[in-house]
Each structure stands twice: as structure tokens, then as C-alpha cells.
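Some notes on the structure that comes next.
The values are calculated or read from the model by the stated rules, or taken from the named source; none is laboratory data. Since this is a predicted model, take the numbers as computed values, not measurements. Note: ideal-geometry Cβ built from the backbone for every residue, glycine included; neighbour counts use all protein chains shown. Each accessible area value is taken on the protein alone, full model and side chains, heavy atoms only, with ligands, DNA and RNA left out. Shrake-Rupley method; radii C 1.70, N 1.55, O 1.52, S 1.80 Å.
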Amino acid sequence: MYERFFGLVDAPFRLTPDPRYFFLSPKHREALAHLRLGLTEPGGFVCITGDIGTGKTTLLRTFFEGLGPEVAIAYVFNPSLSAEELLQRIARELGVAAASGTQADLTDALNVHLLAERKAGRLSVVVIDEAQAVSIEVLEQLRLLSNLETSTEKLLRLVLVGQPQLAALLVDPALAQLNQRITLRWHLGPLTAEETAAYVRHRLSVASGGKVTELFTRPALRLVHRLSRGVPRLVNMIAHRALLVAYVARRHRVSAGAVLRAYREIGTVPLRRWSPARPVGWAAAVATVVLAVVTLGVPRLERRLPAALPDGGPAAPVAHEAPPTLAPAPLDAAATAPAAARAAPAAPPAELEQRLAGLEARQSARVALGAILAAWRVPGLGADEADVPGQLEPIAWRRGLEVLPLTGNLSMLRLLDLPALLELRVPGATEPRYAGLLGVDDRGVVLSVDGAPVWADAAFLDRVWLGRAHILWRDFESLGRTFGAETRGPQVARLQRLLARVGAYGGAATGVFDATTTDAVLGFQRSRLLEADCRVGRFTRIVLYAAAGSYPRPTLAPGAGAPS
């Protein structure tokens, strides 16, 4: 749409993994070097991890393009394969003649093929993309394939690429032997501010044949980095929309104002909302920072808490200071989880996947949300409230609740300790399905699926949940928009009383956000592994209300619904 206007011959910020646009930051250069070094290593695995949107797939495409005819690649990007299906896929892609039969027959045929290929001077490489979603059984099959060897080297080079959960998955005791065989590891982190600017200029240069690089002003580039926190996929989304904003305004350079307007318009990205009470240089998007949290655990290994949770965005829509208050029925300790959830039957993973796949996407969201509203003891959905999750915020607002969208992991949900609407991806379904998270313990979760609570083990959730969730919560003390040391008055006094209740503040409720209050907020945030930014936003107050312990709120009660 805007290419000719800006002197471009291609769209520079497409989300597809085009190797032409691969930006060789120091991190990506090192990751590519690890992949290439894996070809020369006589044995072992290569493991590349990276946060969502950091360019792992583009890295792989670039790696593949640099390979010569002497290297055969079996690229597996479907993590839901069984061990037998994986073996068949690998054999078929490597050109094994007998790519069928039993696992033993396939393994024998693959061994004969690999010996012949190595004798001819050719290498065979298996690359597993999205490996964090691969089952332990399939990973064990990969380890067995690594036993195909000569007296001096492995016949297969094996590469695992995935999100940070992969690193946590590999420390599972069942995968100890596999983990020991990984000789090359690298993690792709986000870009720095300088790298983000260079990344934007690089893509513009490629899209214009080297003629255009300075379409974004320096303040615009700084803001792009702050909003995206250096995650390339989010950089692309914001930069593309900012170019559209500038094009519509017929401006030949993209300003910080255009970037900010673009950011506001990207409703599909769970970034922080802009608050007029804060300057342009505020901290970055909730979802982007949360990506870093994912590096510390997966649902099956939830003993560790996230390193830091961000605390951004206004706690209420800008048009209102606080949501309308409803008088919910009091919640006693026995009601922290729905009674049905506490006795939820266990469901085999295959059966649960079939149940989810058989649901209509929007109806599954509506029914799951109904279970969450019931947990909050507020009115259920009306006949005119069918668009879920599209109209989730106004639905919550009418009931005195607010919505916190996030991308994270189960550790984060356990810290927030509130029921959540989870977006699930099940095999064979083109649209997401939704379930309500009602309970959590060390063994698994209680989900509301099609109106009924069921218990599922953590491995199932790990497979179908990619981290997107919506938390319903209530701002019990009507603290309003996100605020900090610049604020004074009744809002701060209520905060001081709340901090005193949890033992974080020993002063009087003066309404002045003084040094003592600052220390109290920072101390509380650090004690709960929140981002210690002294901003009292959604994350901080949700955890504060949970710590206070006397508010009528449902919780993810430990052990709720787990089968005995």
C-alpha cells in the first residue's frame, strides 16, 4: 500500500520468515555459528532457544539456504507427531527407501541409509522446530536415533529449536541422557536499542534496494524499541503500522508521534496501554516483558517463579477513574474454588483434545468465561453478550471487573492466583478453543471445558496452551490508573493503608508518595518477584490484594480438583 510512497519496492516489515531480511545481530550471528558448528561436531545435539518473536524460524531458513548439496535436512515443524510418526517423517525427508513398516524396520533402514550417505561424504541433519511442544516420548526417540553411529562419529546431526520452555523441559529427569548429549547451546535474546534501530534500517534497505534507510526519526526508533523491548516480531508489527500512519498523513518520515499512534491502534498485540499520566519514555509492553518470564519454567516444572513481572498499563479505561462497583456475594475460604472444580474428574489427554476440537471457538470462550464469572459471584452472560473474547473488557466492566491480557506461563498465573480464560490450540482445529482455569496444583490444573470442570495434568496444558490468557480482577480500593511518585492524595492514602495491611509500610496514610512509600512499594514488588519500577499498576495491585487476604476474590486454590 505505502511502498511506492516511501520509495520501497517491497513491504519491509512482513511477519513471514524471509531470509533476505535476516538481520545478523551479534546474538543471531552467534546462533548461526552454533548451527554451522554443529555440522562439524562428530557427535551431540545443538539446542537453540529464543523468546517468541526473536527470529528463530528466520534463523533456520537462513541456515538452510547456506547448506550445500552434501547436506540432507529433515525439517520437522509439527511438534504433535508421535514417536513413530516422527521416525517416518525423518526417514521420508532423508530419502530412505523403506519409509514405512515397524519402528524397528524403519530404524534399520535409516541406519543403512545413513551409513551409505556418510561413506559418500554427505551429512544428514534432523531439525526439530517448536521443540518445546514435543513430548518426552518423542524426545526419547530422538535420543535413540543419536545412537546410530560409527566408531568415530554420530550418523545424524540433531538440532532442537524452541521457546525458552525447551531449556526447562530438558532438565526433566526422564531426559537426563538426552540433556547430557547437547554439546552446543545458545539463547536468542531481544535486540538492544542500537540493534533495534539497525534492524529497522536494515529491513528498509533490503526493501528499497539500498536506497532508503532513514524513514524513521531517532526518537521514533527509540520509541519502537521501548514499545517492543527489542522483540523483532513486535518491531515489525509496530513499524509496519507506523508507516501506514505516516502514509495516511502524507508524511515522508515516521515520527515518534506516528509510532505512538500506531501502537495505540494495534489492538491484537497485548502491549501496555498508553497512559497520559506518564511520559513517552515509560517501560515497555506487558506481553513483551512477560516473554522473558517464560524462560524460567514450563507448566510441568512450576516450582520456580518468574524473575520479574511487569506492572504496566492503566488499571482502568482512561474514560473512567474506577469501574462501577457491584456488591458481590461474600466469598469465604471454602469458596475460593467452585465446588464442582474441587471434585473435577480426570480426563485422558486424547479425550480432552477431542472434546475441545469438537467445540465451536466462540461458544467455548463464552462458556469458559461463564465459569469464571460464577467463580467471582457476579451475574452471568446475557443473551446480547456473545462476542467473547472480542468484547471481554466491556463485559467485565459491567460487572465491576477488569481484564488483564497477558502472555506468560503457569508460574505467573499461580502468582496472580486468579481464574483465567486460556486460549488453547488443539490438533485439527484452525481456530483457538478456550477453557477456564479454575485451579492449580503441582500435578496439574482444573479446567472448565464446555461447562464442566475437568482435571488435566500439566503435560497436557504444556502441549495445548501457548501462553495467552485473560485474567479477570477487581480494583477493590479503586486505585485507578497506574501511578507512582508523581501522585498524591486519597489514592496514595489508600495505597499506604493497603501496604500497611501486608506489613510493607509502617508510616501514616498521609497521601504523599514520599521516600518511605517508595521503599515500601519497591520492597513489596521485589518480595513478590514483580518488576521493581515503583509503578502501582495492575500486577502490583492484584498481588497486593491477594497478600491482604480479606477481599472477596476467587483463587486458584492449591489442589483444587486434583484427583485423589
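Among the residues of the range 232-269, how many are open to solvent by 80 Å² or more (accessible area, probe 1.4 Å) and in a helix (DSSP H, G or I)? Before the answer, list the steps.
Step one: list which residues in the range 232-269 are open to solvent by 80 Å² or more (accessible area, probe 1.4 Å), which gives 233, 241, 248, 250-253, 261, 264, 268.
Next, from what is left, pick out any that are in a helix (DSSP H, G or I): 233, 241, 248, 261, 264.
Within the range 232-269, residues that are open to solvent by 80 Å² or more (accessible area, probe 1.4 Å) and in a helix (DSSP H, G or I) number 5.
When L416 is tested against the conditions (1) without any contact (Cβ under 8 Å) to a residue 40 or more places away in the chain; (2) aliphatic (A, V, I, L, M); (3) touching a strand residue (DSSP E or B) at 6+ places or on another chain (Cβ under 9 Å), the lone failure is (1). Within the range 523-543, can one find any residue that is over 17 Å from L404 (Cβ atoms) and either touching a Gly at 6+ places or on another chain (Cβ under 6 Å) or part of a strand (DSSP E or B) (or both)? Yes, there is a match, as at least one residue in the range 523-543 is over 17 Å from L404 (Cβ atoms) and either touching a Gly at 6+ places or on another chain (Cβ under 6 Å) or part of a strand (DSSP E or B) (or both).
Could you grab me the full set of residues in the range 161-200 that are out of contact with any strand residue (DSSP E or B) (no Cβ under 8 Å at 6 or more places or on another chain) and among the basic types (K, R)? Result: no residue meets the conditions.
From the list V454, V403, V426, the lone residue that is assigned to a strand (DSSP E or B), closer than 28 Å to L81 by Cα and not basic (K, R) is V454.
Do we have A193 as over 29 Å from the mean Cα position of the chain (by Cα) and farther than 23 Å from D18 by Cβ here? Criteria not met by A193.
Right, W473: touching a helix residue (DSSP H, G or I) at 6+ places or on another chain (Cβ under 8 Å), touching a residue at least 24 places away in the same chain (Cβ under 8 Å), under 21 Å from L373 (Cα atoms) and open to solvent by less than 40 Å² (accessible area, probe 1.4 Å) or not?
On the way: touching a helix residue (DSSP H, G or I) at 6+ places or on another chain (Cβ under 8 Å): yes; touching a residue at least 24 places away in the same chain (Cβ under 8 Å): yes; under 21 Å from L373 (Cα atoms): yes; open to solvent by less than 40 Å² (accessible area, probe 1.4 Å): yes.
When the stated conditions are applied, W473 passes them.
Could you check the range 519-529 and list, in sequence order, the residues that are open to solvent by less than 30 Å² (accessible area, probe 1.4 Å) and in contact (Cβ under 8 Å) with a residue 40 or more places away in the chain? Of everything in the range 519-529, just one residue is open to solvent by less than 30 Å² (accessible area, probe 1.4 Å) and in contact (Cβ under 8 Å) with a residue 40 or more places away in the chain, namely Q525.
This table checks each residue for (1) among the aliphatic types (A, V, I, L, M); (2) touching a helix residue (DSSP H, G or I) at 6+ places or on another chain (Cβ under 8 Å); (3) in a strand (DSSP E or B).
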position: R36; (1), (2), (3): no, yes, no
position: I52; (1), (2), (3): yes, yes, no
position: T58; (1), (2), (3): no, yes, no
position: R89; (1), (2), (3): no, no, no
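Return a yes/no flag: does the range 544-552 have any residue that is surrounded by fewer than 16 Cβ atoms within 10 Å (Cβ to Cβ) and either of a type in the set (K, R) or within 24 Å of the chain's Cα centre (by Cα) (or both). No - not one qualifying residue is present in the range 544-552. Against the numbered list (1) modelled with pLDDT of 85 or more; (2) under 30 Å from L499 (Cβ atoms); (3) open to solvent by 30 Å² or more (accessible area, probe 1.4 Å), R481 comes up short only at (1). Filtered by the rule that a residue be open to solvent by less than 40 Å² (accessible area, probe 1.4 Å) and of a type in the set (S, T, N, Q), the range 349-393 gives a lone residue, S364. Checking A176, A239 one by one, the residue that is hydrophobic (A, V, I, L, M, F, W, C) and out of contact with any helix residue (DSSP H, G or I) (no Cβ under 8 Å at 6 or more places or on another chain) is A176 and no other.
So which of P12, P69 ends up being in a loop (DSSP other than H, G, I, E, B) and over 26 Å from the mean Cα position of the chain (by Cα)?
Numbers: P12 fails: over 26 Å from the mean Cα position of the chain (by Cα).
Answer to the check: P69.
Selection of helices (runs of 4 or more DSSP H) fully inside the range 97-204 by the criterion of at least 1 residues being open to solvent by less than 20 Å² (accessible area, probe 1.4 Å) and within 30 Å of N236 (Cβ to Cβ) returns 165-169. Starting from residues that are open to solvent by 30 Å² or more (accessible area, probe 1.4 Å) and touching a residue at least 24 places away in the same chain (Cβ under 8 Å), keep the ones in the range 40-51 and report whichever is nearest to R203 (Cα to Cα). Out of the qualifying residues, it is E41.
Mind checking which residues of the range 457-478 are among the aromatic types (F, W, Y) and either part of a strand (DSSP E or B) or at pLDDT 90 or above (or both)?
W465, W473, F476 - these are the residues of the range 457-478 that are among the aromatic types (F, W, Y) and either part of a strand (DSSP E or B) or at pLDDT 90 or above (or both).
Within the range 492-518, the set of residues being open to solvent by 40 Å² or more (accessible area, probe 1.4 Å) and either among the acidic types (D, E) or not in a loop (DSSP other than H, G, I, E, B) (or both) comprises R494, R497, A500, R501, V512, D514, A515, T516.
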